[in-house]
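Colleague: This is the structure, below, for whatever I ask next.
Values in this text are rule-based calculations from the coordinates and carry no lab data. Since this is a predicted model, take the numbers as computed values, not measurements. Using ideal geometry, Cβ is built from the backbone for each residue, glycine included, and neighbour counts are taken over all protein chains shown.
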Amino acid sequence: MTLDTITDRMAGPAIRAWEISRALATEHDVRLVTFGRCTRSGEGFDVRQIGVGDFRAEVEASDVVVIQGFVFNAFPWLQTCEQVLVVDLYDPFQLETLEVDRYKPEAARNQALAFALGELSDQVRRGDLFLCASRRQRDLWIGQLAAAGRINPDTYDADPSLRSLITIVPFGTAPEPPVQARRAIKGTVRGIGVDDKVVLWGGGVYNWFDPLSLVRAVDRLKETVPEVRLFFLGMKHPNPDVPEMAVATRCRELSDELGLTGRHVFFNEDWVPYESRADHLLDADVGVSCHFPHVETEFSFRTRILDYLWAGLPIVATQGDSFAELIEARGLGRTVPAEDVDALVEALEAMLTDERARGAARAAVREVAAGFTWPVVLEPLVQFCREPRRAADAHRLTAAAHAAPVPRPPRLQQV
C-alpha cells in the first residue's frame, strides 16, 4: 500500500513499493494498491488505484499487508485487524515535516507535526514488523519503539537482537546494469555539448537540500573548468500534491542572478520516467547531493545516491548522513562540510579533472553497488513473508486496542 502516484514517472515511495511488490511476486500473489493516480501495469503482480472505501476489503483479503505513509490515522480499524502488518519506516516523516512546512504559519506547522506524530504513534503501536533504511535509522526507531512499550518481555524474549521486530531494508538498485538508449543530456539539451562535463543533481529539490551552495560553487568552478554543466534532473514532482518548495524557487533565482541559467546551470522542468532514467545518469560525469546540517540529515537515506551507485558515478556529497560515511570509508568520491562552497569547488574540480581519482572512485562505486541491488536489500522482507507472523507481543496489542482509555493523572502544579 502506497499513497504515491504509480505512473511512468515515479518518486521514491512509489519506486520502493513497486520494487517490493516485484520481489515478493516471485513467490506470492501480490497486489499493489494506491489512493493516488495509477497508470502502470504490474510485472508479475496486480496494480490498481482504489478508493478509501475499498481499502478494508483489500486488507481483509490479504495475509500480509506492507504499509507506507500516512494511513493509520485514517483507518483506526487497522489496530484490531488480524492481518500481519509490515510498516515501512524508511522515511522518518516526523522529521521531514519540520522542513516541508518550515515556511508556513506557526499554527499550520504545529498542526502538521501533530498529525505526523499521531500517525507515527499509531504505526508503532500496531506494526508486526518494521522496516528501516540504515543502522542510524534503526537506532532512531528502537528508541521510538521503546517509548511506545513495544520493547517488552515478549518481544525481547522472542529475539533479544530485536531483528524480528525491526530490520534494515535500504532502498535498492536494479541488479541489471544501466543501458543508455539515447543521449538525454550531452548534445541533446541546448547549451550542453557532447564533451562538456555534467554534474548531475539526480532528484527533486526540497527544503532540506542545499542547491544554493552548489550553484555558487559552479559559478566559481566555471573559471577553471569552463565546460562544467550542472543539470537538475527533476524540478516538477510527479505527485501533484507535492508543490515546488521554497529552496527550489530560490535556486532558480540565484542561478538567474549569477547569469548561469542556460549556460552552466540547467533545470529539467519535468520528472524523468523511471524506465528511462539511465539515459540521463549515463550522460553524467559526477553525481552530487548537498544538504543543510539538519536533524533530518542525521537519519535520512538519500535515494538519489542509489542511482549514482547504479550508474557507476563518482559522488560528491555533504557530510553528516549515513551515505557520507560510506563515501568516505569506501572511496566513492568526496565529501564536504555543509554550506562550504570552497570545499565543494575543490571536490568537484578533482572529480571532473583528475582522471585517476575519478577512475578509482568509479571502481569503488561499482563494487559497493553490488550490495545495494533490490534482491539483496529486500531479502529480510522476502524471508519474513515466507513465514509471516504476528509480533511476539500481539496479544498485548489486541488487549490495548480494545481497552478503554486510561485516565491521565492530574497535572502537577509547578512549585
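Colleague: Return one number: the angle in degrees, 0 to 90 and rounded to the nearest 10, between the long axis of the Cα atoms of helix 246-257 and the longest principal axis of the Cα atoms of the chain.
Modeller: 0
Colleague: Going highest first, how would you order 330-339, 15-24, 52-61 by mean Cβ packing within 10 Å?
Modeller: 15-24, 330-339, 52-61
Colleague: Sticking with the crude label model, points 7 Å out along Cα→Cβ, report the distance from Glu298 to Val368 in nm, one decimal please.
Modeller: Placing both labels 7 Å along Cα→Cβ, they lie 2.2 nm apart.
Colleague: Using bins 10 angstrom wide from zero, how does P(r) for the range 93-189 break down, in % of all Cα pairs?
Modeller: 13, 31, 23, 18, 12, 3, 0
Colleague: Helix 341-353 versus the longest principal axis of the chain: what is the Cα-based angle in degrees, 0 to 90, to the nearest 10?
Modeller: Helix 341-353 and the main axis of the chain meet at about 70 degrees.
Colleague: While we're here: Report P(r) for the range 146-192: all Cα-Cα distances, bin width 10 Å, range 0 to the bin holding the largest distance, values in whole percent.
Modeller: 19, 22, 15, 12, 13, 16, 2
Colleague: How would you rank 127-134, 203-210, highest first, on the average number of other Cβ atoms within 10 Å across their residues?
Modeller: Packing order, densest peptide first, comes out as 127-134, 203-210.
Colleague: Shifting gears a bit: Which one, Lys197, Lys104, Lys186, has the greatest fluctuation when you compute a Gaussian network model over the chain with C-alpha springs under 10 angstrom?
Modeller: The residue with the greatest mean-square fluctuation here is Lys104.
Colleague: What is the distance in Å between the Cα centres of the range 322-380 and the range 66-125?
Modeller: 32
Colleague: How big is the antiparallel share of DSSP beta bridges in the chain, given as a percent to the nearest 5?
Modeller: 5
Colleague: Once you treat every alpha carbon in the range 146-238 as an equal point and sum by Debye, what is log10 I(q)/I(0) at q = 0.14, 0.17, 0.22, 0.24 Å⁻¹?
Modeller: -0.74, -0.91, -1.20, -1.26
Colleague: What number comes out for the charge environment of Leu260, summing +1 per Lys or Arg and -1 per Asp or Glu over other residues with Cβ under 13 Å away?
Modeller: Summing Lys and Arg as +1 and Asp and Glu as -1 gives +1.
Colleague: While we're looking at this one, here's another question. Could you give the length gained on full extension between His395 and Ser41, defined as 0.36 nm per residue of separation minus the Cα-Cα distance, in nm?
Modeller: Length gained between His395 and Ser41: 123.6 nm.
Colleague: Take Glu275 and Glu27, extend 7 Å from each Cα along the Cα→Cβ direction, and tell me the distance between the two endpoints in nm.
Modeller: My value for the distance between the label points is 2.8 nm.
Colleague: At a Förster distance of 35 Å, what's the computed FRET efficiency of Asp63 paired with Asp139, Cβ-Cβ distance as r, to 0.05?
Modeller: 0.70
Colleague: log10 I(q)/I(0), Debye, Cα-only the range 197-372, no solvent, q = 0.10 Å⁻¹?
Modeller: Calculated log10 I(q)/I(0) at the listed q: -0.34.
Colleague: Using a ≥ b ≥ c from the Cα gyration tensor of the range 53-112 (square roots of the eigenvalues), is it rounded, prolate or oblate, where a/c under 1.5 gives rounded and otherwise the larger of a/b and b/c decides, a/b for prolate?
Modeller: prolate
Colleague: Using a Debye calculation, one point per C-alpha and no hydration shell, please list log10 I(q)/I(0) for the chain at q = 0.11 Å⁻¹ in order.
Modeller: Log10 I(q)/I(0), no solvent term: -0.86.
Colleague: Calculate the radius of gyration of the Cα atoms of the range 1-131 to one decimal place, then report Dmax, the largest Cα-Cα distance, as a whole number, both in Å.
Modeller: When restricted to the Cα atoms of the range 1-131, Rg and Dmax are 15.2, 49 Å.
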